[in-house]
1. Name the residue that is surrounded by the most Cβ atoms within 10 Å (Cβ to Cβ), counting only residues in segment 45-76 that are in contact with a helix residue (DSSP H, G or I) (Cβ under 8 Å, 6 or more places away or on another chain) and more than 11 Å from A13 (Cβ to Cβ).
2. Test D115 against the stated conditions and say whether it is buried (at least 16 other Cβ atoms within 10 Å of the Cβ), charged (D, E, K, R) and under 30 Å from K162 (Cβ atoms).
3. For F61, are the conditions met, namely being within 30 Å of M139 (Cβ to Cβ) and of a type in the set (A, V, I, L, M, F, W, C)?
4. Return the residues of segment 83-112 that are closer than 19 Å to I37 by Cα, surrounded by 14 or more Cβ atoms within 10 Å (Cβ to Cβ) and either at pLDDT 95 or above or over 15 Å from the mean Cα position of the chain (by Cα) (or both); say none if nothing qualifies.
5. Only strands (runs of 3 or more DSSP E) wholly contained in segment 49-129 count here; list those with 2 or more residues that are of a type in the set (A, V, I, L, M) and at negative phi.
6. Pull out all pairs, ordered by first then second residue, where Cβ-Cβ is under 8 Å, the residues are six or more apart or on different chains, the first lies in segment 22-45 and is closer than 22 Å to T67 by Cα, and the second is at pLDDT 95 or above and polar (S, T, N, Q).
7. Which pairs turn up if I take residues in segment 120-132 that are in contact (Cβ under 8 Å) with a residue 12 or more places away in the chain and look for partners that are surrounded by 15 or more Cβ atoms within 10 Å (Cβ to Cβ) and among the aromatic types (F, W, Y) with beta carbon separation below 6 Å, at least 6 apart in sequence or on another chain?
8. When segment 141-177 is examined, which residues are found to be among the aromatic types (F, W, Y) and in a loop (DSSP other than H, G, I, E, B)?
Amino acid sequence: GYKVEKAVITVPAYFNDSQRQATKDAGKIAGLDVLRIINEPTAAALAYGLDKKKDEKVAVFDLGGGTYDISVLELYDVEGSRQFEVKSTNGDTHLGGDDFDQRVIDWLVTEFKRDQAIDLSKDPMALQRLKEAGEKAKMELSTTQTTDINLPFITADQSGPKHLNYSLTRAKFEQLV
């Protein structure tokens, strides 16, 4: 390898000026010459448009675990050099993949309560298993139309252990979120 001395650092689009400055300061403390701080969606747009030759406007959507951002950039040439201008950035700092996971968890809790008359929302261990299963199901539905959520021994009552087994379709997931 080689020593890195200069850096362009990306930050979430919702970072305010003090958070950006703190990030820049951290880079300097680490011994870097911080050339620029840019939004993550801006970085994605640049990666998309730097090799393009035509002038265009690009919208970049960034759906993270807990945030949703959009940036609109204009890409153009100035004397053979590719330039960009961020026209607008906005988003929601309380919307993201975690919210989608929670909708799946809520659905599983409701279905299980209807079928078994047991409220899993009061059981921290069961909720953790539901969280992991909900996230996995969400990811699987990116590439398939249906997925099975199977959690044996999710809980027990006086009659014995209870198992959770439901199929979640992409259509149902889209309805939930």
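1. The residue in question is L73.
2. For D115, the condition - buried (at least 16 other Cβ atoms within 10 Å of the Cβ), charged (D, E, K, R) and under 30 Å from K162 (Cβ atoms) - is not met.
3. yes
4. F84, V86, T89
5. 56-63, 68-78
6. I37/T23
7. Matching pairs, first to second residue: L120/F112.
8. Correct list: empty.
The values are calculated or read from the model by the stated rules, or taken from the named source; none is laboratory data. This is a predicted model, so every value here is computed, not measured. When we count neighbours, we look across all protein chains shown, and the Cβ atoms used for this are built from the backbone with ideal geometry, even at glycine.
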